[in-house]
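Read-outs: derived from the displayed coordinates by stated rules, not from any lab. This one's a predicted model, so the numbers in the text were calculated from it and none came from an experiment. All Cβ positions, glycine included, derive from the backbone under ideal geometry; neighbour counts span all protein chains shown.
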DNA sequence: CCAGACGTTGTT
DNA sequence: GTCTGG
DNA sequence: CCAGACGTTGTT
DNA sequence: GTCTGG
C-alpha cells in the first residue's frame, strides 16, 4: 500500500515537472522524508473553470467523504483500491471529476516478519526519477461554516508488481507521462478509459532496500531515514 | 419505508 | 482491543 | 503507515 | 449524497 512517503521537491520544481499553469499555495511545504496521513501534501490537479488549467496546491492526506459530520474521523481514507474505485460510493464521483496526482520522491513499505515484526523498506526508482501517484480528492464543508472548504486526497493502490511484492502485496499506482496526461484530462469521464491506467508499474527499474526503524515514528524526519540498514 | 453504512490495511 | 494523532 | 493513548473528579 | 439491508 502506501502509507508513508518522501517529498522534497520545491513548488518551482513541481511546476516545471508537471507543467503547472496555476499555483495555489499559502506557503510552500518544507522538504519531508516522512510524510504521513493527516498531513498537508502537494497535489497537482486540473482546475476546470474558467478553462482547464493544471494547478498545484496542497491538501490533507486522508480523504474525508463529503457526507462526514466531522472533518477528522481518524486519518480518513488514505488509500483507494484501483479494483473497486469505480463503484465505491466514497470514490465514484471523484474518479469522474476529481482526479489528481500526488508527487513523491520515493515511498516506504513495511515487510511483515515472524511474530508480528515489521521491517521498513525504502522504495525508489533507479536513477532517482520522481514518482507521480494517482490520487482522488474531495471537498468537505463543515455544516457550521460552509464557506471554508477542506480539500483532502487519497492515493490509489493496486497489486504490487513482482519486484515490490518481495516487500508488500500492494503498491501505489505510479503514472508514467502518457498515463498522467490522460489521468489529468478533465474531458475523460469514462471509467473504461481511466481504469486501464490504474495498473501495477513495470517491475524493472526499482531500488528496494531495508532502512532503520526511525522511519516508524512520524516525529523523525530527514534524509538519514533513507540510509540502508541490515534487513 | 427508515436506518445505517459508506474505506484500506494487516494480523490472528 | 480500538481509536486518534501525526 | 506507526505510535501512543485509552478517564474522571476536584483542586490549584 | 447514495446505496444496502431489514
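For region A:1-104, what is one quarter of the convex hull surface built on the Cα atoms, given in nm²? Write out the running numbers ahead of the final one.
On the way: hull surface 29.4 nm².
Averaged projected area of region A:1-104's Cα convex hull equals 7.3 nm².
Fewest Cβ neighbours within 10 Å first, please rank A:111, A:118 accordingly. The partial results should precede the final answer.
Numbers: A:111 15, A:118 11.
So the residues, fewest neighbours to most, are A:118, A:111.
Among A:5, A:18, which comes first, then next, by fewest other beta-carbon atoms within 10 Å? Let's see the in-between values first.
On the way: A:5 26, A:18 20.
So the residues, fewest neighbours to most, are A:18, A:5.
What are the extents of the Cα atoms of region A:14-54 along their three principal axes, listed from largest to smallest and rounded to whole Å?
That works out to 35, 21, 16 Å along the principal axes.
Antiparallel as a % of all DSSP beta bridges within region A:1-117, to the nearest 5?
Values: 15 of 18 bridges.
Bridges in region A:1-117 that DSSP calls antiparallel: roughly 85 percent.
Could you give the distance between the Cα centres of region A:73-88 and region A:150-194, to the whole Å?
If you average the Cα positions of each part, the centres end up 12 Å apart.
Along its three principal axes, how long is region A:92-135 when you only count alpha carbons? Whole Å, largest extent first please.
That works out to 43, 30, 9 Å along the principal axes.
For region A:137-206, what value does the Rg/Rh ratio take when both radii are computed over Cα atoms and Rh is the Kirkwood radius, given to two decimals?
Looking at region A:137-206, the ratio lands at 1.12.
Can you tell me which of A:87-99, A:55-67 comes out highest on packing, and rank the rest after it, using the mean Cβ neighbours within 10 Å?
A:55-67, A:87-99
Can you give the Rg to Rh ratio of chain A, both from alpha-carbon atoms, with Rh computed by the Kirkwood formula?
0.95
Roughly how far apart, in whole Å, are the Cα centres of region A:121-145 and region A:53-72?
Each part reduced to its Cα centre gives a spacing of 11 Å.
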